[in-house]
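The values are calculated or read from the model by the stated rules, or taken from the named source; none is laboratory data. None of these values were measured; they are calculated from a predicted model. When we count neighbours, we look across all protein chains shown, and the Cβ atoms used for this are built from the backbone with ideal geometry, even at glycine. Areas reflect the complete protein model, heavy atoms only, side chains present, ligands, DNA and RNA absent. Shrake-Rupley method; radii C 1.70, N 1.55, O 1.52, S 1.80 Å.
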Amino acid sequence: MIDDNAGHGTAAGNAGGVTRRTVLRTVAVGGGAVASGGVVGATRRTAQSPMHTLMIAANGPAEYSVTVDGELEPDTEGGAFAADDDDEIRPVEREDVAEIRDEVTGPREESAGGTAYYGDRFRAQIPVALDIRPQGDYDVNVYVNERRVGGAEVTTAEPASGWDGPFSLMVTANGPTTYSCRFHEADPALDTDAGTFSADADDAVTRNSDGTLTAADETGARPEDAGGLHVLGDRYLFSGRVEAFEVNSAPDTDVFVYVDERDTTPARVRTNAF
């Protein structure tokens, strides 16, 4: 649950002196307070301590706090997972089939292969046929309703049984990738407002007296945009051991946690099960 009393009884308030923001910060609109202690630079990376990505996203207001005994830094290049305004839906051979095709998604070659993932996102009512072709040895992730269903080998995407509304489809990659999606007998929609899953430049990390690092903030869609498939989030790079991880949100808010682009849970992050 989110506590409306600024900085009292919440994970964000307890971890680093962060007060509750009067205007919820999302990655689309910045602003508000930052953790006391200022931004802490990365100083503890070693060859034996690989970097991971941690992404927290929600379709409503959510507070989080993560503490790491190692390195922790905001990932401002995490990637934009929303369709571009110039993406195009067009009919193909039959009137009841529409297709979305993008010549290239994912980062450019000069920044490919790392932890920066970019992609496109769509909404549809029925199963979608996919053709995904990485232009090199790059990682591809396909998400349906915010849950990873596979990589470049996925050829059909559809929601779980019982789903009666439009579902979201997201294709992301860490290098140049071409893809096409075919939607049968229904009108698909570009999702240009799906959300950006990367940290803001004003996100801060605090160094604690024991040498660990803590990031605490609010994320998720604004109250007026909450619910459904509108998801926003923050993303961090970290190494070493996770000492604490908490996420608090309203009961009707869906919260998603990813480590290295794979859907996981706060409990698994807390126990370093990744």
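Karplus-based coupling profile of segment 58-66, in residue order and whole Hz: 7, 9, x, x, 8, 10, 9, 8, 9, with θ = phi - 60° in 6.51 cos²θ - 1.76 cosθ + 1.60 and x standing for Gly or Pro.
Neighbours of Ser209, meaning other residues whose beta-carbon lies under 15 angstrom from its beta-carbon, give a summed charge of -2 when Lys and Arg score +1 and Asp and Glu score -1. Label positions at Asp137 and Val149, each projected 7 Å from the Cα along the C-beta direction, are separated by 2.9 nm. The gain in end-to-end length when the Ala160 to Asp260 segment is fully stretched comes to 33.7 nm, 0.36 nm per residue minus the alpha carbon separation.
So, with a 1.4 angstrom probe, what is the percent of accessible area on segment 132-274 that is carbon and sulfur? Provide the component values of the computation, followed by the final result.
On the way: 2620 of 6020 Å².
Its accessible area is 44 percent carbon and sulfur atoms.
Inter-label distance, Thr178 to Ser209: 6.0 nm, where each label sits 7 Å from its Cα along the C-beta direction.
Measuring only protein heavy atoms, the 1.4 Å probe finds Phe245 accessible over about 0 Å². Before I look further, what does segment 118-274 give for accessible area per residue, probe 1.4 Å, in whole square angstrom? Counting only protein heavy atoms, the per-residue value for segment 118-274 is 41 Å².
Near Asp263, the amide H atoms lying under 5 Å from its own belong to Arg148; only residues 5 or more places off or on other chains count, and H is placed 1.01 Å from N.
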